[in-house]
Amino acid sequence: MDEKEFVRKFYECAANDDFSGCLEALKNISAGTINEQNDDDYDMLIQAVVDGNACAVEALLKDGRCDRTHRENLCGMTAEEFANDYPAGSRISEAFQNAPMSKYIYRNGELIPRDDIYDRIMQGTLEADEGCIMMLQDYQCAMLLVEGKVSKEDFESWLNPDELYWEAQIILLAGDEEYGKKFICWDEVRSEAEPHEWLSFLRDLPQYAHEADWDKLIQEGKTEDWHSLIEVCPELKDKYEEGLMGKYISAPFNLYVACKKNDAEVVRVHLERKKHKPLNENWIYPMPPGFLMELLLSAAVKNNAVECVRLLLEYGADPDIFDRHKENQKTPRELAADKPEILNLFNNRK
């Protein structure tokens with residue numbers, strides 16, 4: 001049988017509601033034939049939907065080689081848009097609702113996988129059109145605009161920039177600030193972006209640091225991400241360190257909590273800025289009723305906060321000072337009796 005016979009067989013099976021027969025026939029029908037558009041730009045899927053041929057629609061969607069971005073030229077509608085006119089619960093409506101994500105587009109006689117579309121456009125081997133844009137993620141569409149692969153007119157015609165996901169908004173802002181300002185929604189970015197993502201794009205857009213949720217960035221941002229940002233944007237260092245000074249609670253408790261949590265970055269900032277109580281004294285908590293605080297070095301030792309111990313020693317903490325706190329009543333060295341790594345730091349301190 002030649003291909004025309006298999007096409008005839010496909011429609012014969014569809015007329016008899018023979019789903020498996022349709023699928024067998026489709027195995028011998030090329031992607032070119034499935035996606036060939038007639039004078040009205042109908043392909044096999046659009047024709048099946050318009051004709052109300054539910055079995056053909058189900059089989060074509062199951063086969064998966066249809067280019068569902070095709071539009072016919074009378075109403076400018078895709079097969080899925082035609083299907084929306086069918087009642088909810090109808091076979092054609094259900095077929096599209098249950099169909100997996102479209103896998104291909106068909107261009108210039110070639111079936112192109114969804115995953116290849118973006119790279120092909122960027123490489124210049126595929127021309128961007130509305131159908132391509134329909135298959136891509138928002139951030140990819142934004143990159144195509146920034147790289148000049150799509151015009152602003154087409155970009156705004158093919159999708160709604162006001163509804164772009166936050167990643168795409170940031171890409172537009174970084175690539176064309178004046179244009180990107182039209183579509184940025186900082187509330188959405190603050191709500192959706194993870195701290196590491198904020199710190200990453202602030203490397204390119206430090207002028208928008210005031211839009212960030214600094215409390216969240218200080219609480220959840222990783223030290224290495226902060227350092228990477230400050231390396232290229234040193235003007236943000238003071239703001240970062242000021243945030244660290246209140247990361248847990250107001251000083252001096254902030255430093256105490258940091259010692260217990262082994263947050264060496266907070267400890268470092270306090271010590272560098274000399275924002276701390278005497279390291280070798282039990283100080284009295286200033287708010288009523290007032291109580292004796294344990295030594296910072298003791299707090300770090302008890303929580304095995306090795307990096308904090310290292311910093312405290314560097315700035316003059318003495319492991320042999322007696323800690324008068326009621327729960328300690330020992331020196332930090334004695335508290336570290338079962339912590340060999342910390343004892344090694346004590347023994348090798350200068």
Only one of these is within 27 Å of F155 (Cα to Cα) and of a type in the set (D, E, K, R): K216, K182. Name it. K182
Is there a residue being without any contact (Cβ under 8 Å) to a residue 40 or more places away in the chain, assigned to a helix (DSSP H, G or I) and in contact with a Phe, Trp or Tyr (Cβ under 8 Å, 6 or more places away or on another chain) anywhere in region 175-185? no
From A336, A299, which residue is of a type in the set (A, V, I, L, M, F, W, C), closer than 30 Å to E220 by Cβ and either in contact with a helix residue (DSSP H, G or I) (Cβ under 6 Å, 6 or more places away or on another chain) or at pLDDT 95 or above (or both)? A299
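Of the residues that sit in region 297-324 and are among the small types (G, A, S), within 17 Å of R349 (Cα to Cα) and over 36 Å from the mean Cα position of the chain (by Cα), which one is surrounded by the most Cβ atoms within 10 Å (Cβ to Cβ)?
Kept after step one, since they are among the small types (G, A, S), are these residues of region 297-324: 298-300, 305, 316-317.
From what is left, the residues that are within 17 Å of R349 (Cα to Cα) are 298, 300, 305, 316-317.
Still in the list and also over 36 Å from the mean Cα position of the chain (by Cα): 298, 316-317.
Values: S298: 25, G316: 10, A317: 23.
By that ranking, first place goes to S298.
Have a look at Y86, Y11, Y42 and point out the one that is outside the structural domain of E130 (by TED's automatic domain parsing), closer than 17 Å to Q97 by Cβ and of a type in the set (S, T, Y).
After ruling out the rest, the residue left standing is Y86.
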Looking for something within 30 Å of M143 (Cα to Cα), without any contact (Cβ under 8 Å) to a residue 24 or more places away in the chain, out of contact with any Leu (no Cβ under 7 Å at 6 or more places or on another chain) and not aliphatic (A, V, I, L, M) - is there at least one such residue anywhere in region 84-101? yes
Please verify whether D41 is of a type outside the set (A, V, I, L, M, F, W, C) and surrounded by fewer than 19 Cβ atoms within 10 Å (Cβ to Cβ), treating the condition exactly as stated. yes
In region 189-223, residues that are within 20 Å of Y165 (Cβ to Cβ), part of a helix (DSSP H, G or I) and of a type outside the set (D, E, K, R) total 10
Spot the failing condition for K260; the list is (1) part of a helix (DSSP H, G or I); (2) buried (at least 18 other Cβ atoms within 10 Å of the Cβ); (3) not assigned by TED's automatic domain parsing to the domain that holds A209, and only one is missed. (2)
Are there any pairs with C-beta distances below 6 angstrom linking a residue in region 144-156 that is in a loop (DSSP other than H, G, I, E, B) to a residue that is among the aliphatic types (A, V, I, L, M) and modelled with pLDDT of 95 or more, with the two at least 6 apart or on different chains, and if so which? K149/I121; K149/A128; V150/A128; V150/L144
Expected single match for touching a Lys or Arg at 6+ places or on another chain (Cβ under 7 Å), surrounded by fewer than 17 Cβ atoms within 10 Å (Cβ to Cβ) and of a type in the set (D, E, K, R) among D213, D204, D238 is D213
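Condition check ((1) out of contact with any Asp or Glu (no Cβ under 6 Å at 6 or more places or on another chain); (2) among the small types (G, A, S); (3) assigned to a loop (DSSP other than H, G, I, E, B)) across all residues:
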| site | (1), (2), (3) |
| --- | --- |
| H276 | yes, no, yes |
| V301 | yes, no, no |
| A317 | yes, yes, yes |
| K326 | yes, no, yes |
So S151, is it in the same structural domain as A15 (by TED's automatic domain parsing), modelled with pLDDT of 95 or more, out of contact with any Pro (no Cβ under 7 Å at 6 or more places or on another chain) and of a type in the set (S, T, Y): no
Would you confirm whether or not region 55-64 contains a residue that is surrounded by fewer than 17 Cβ atoms within 10 Å (Cβ to Cβ) and not in a helix (DSSP H, G or I)? yes
Residues in region 91-131 that are assigned to a helix (DSSP H, G or I) and exposed (fewer than 12 other Cβ atoms within 10 Å of the Cβ) total 5
Subset of region 325-350 [of a type in the set (K, R), farther than 17 Å from L279 by Cβ and either surrounded by fewer than 11 Cβ atoms within 10 Å (Cβ to Cβ) or in contact with a Ser or Thr (Cβ under 7 Å, 6 or more places away or on another chain) (or both)]: K326
Considering only residues of region 72-90 that are in a loop (DSSP other than H, G, I, E, B) and of a type in the set (A, V, I, L, M), which is nearest to C132 (Cα to Cα)? M77
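The values are calculated or read from the model by the stated rules, or taken from the named source; none is laboratory data. Keep in mind the model is a prediction, meaning the values are calculated, not measured. Here the Cβ is made from the backbone with ideal geometry for all residues, glycine too, and neighbour counts use every protein chain on show.
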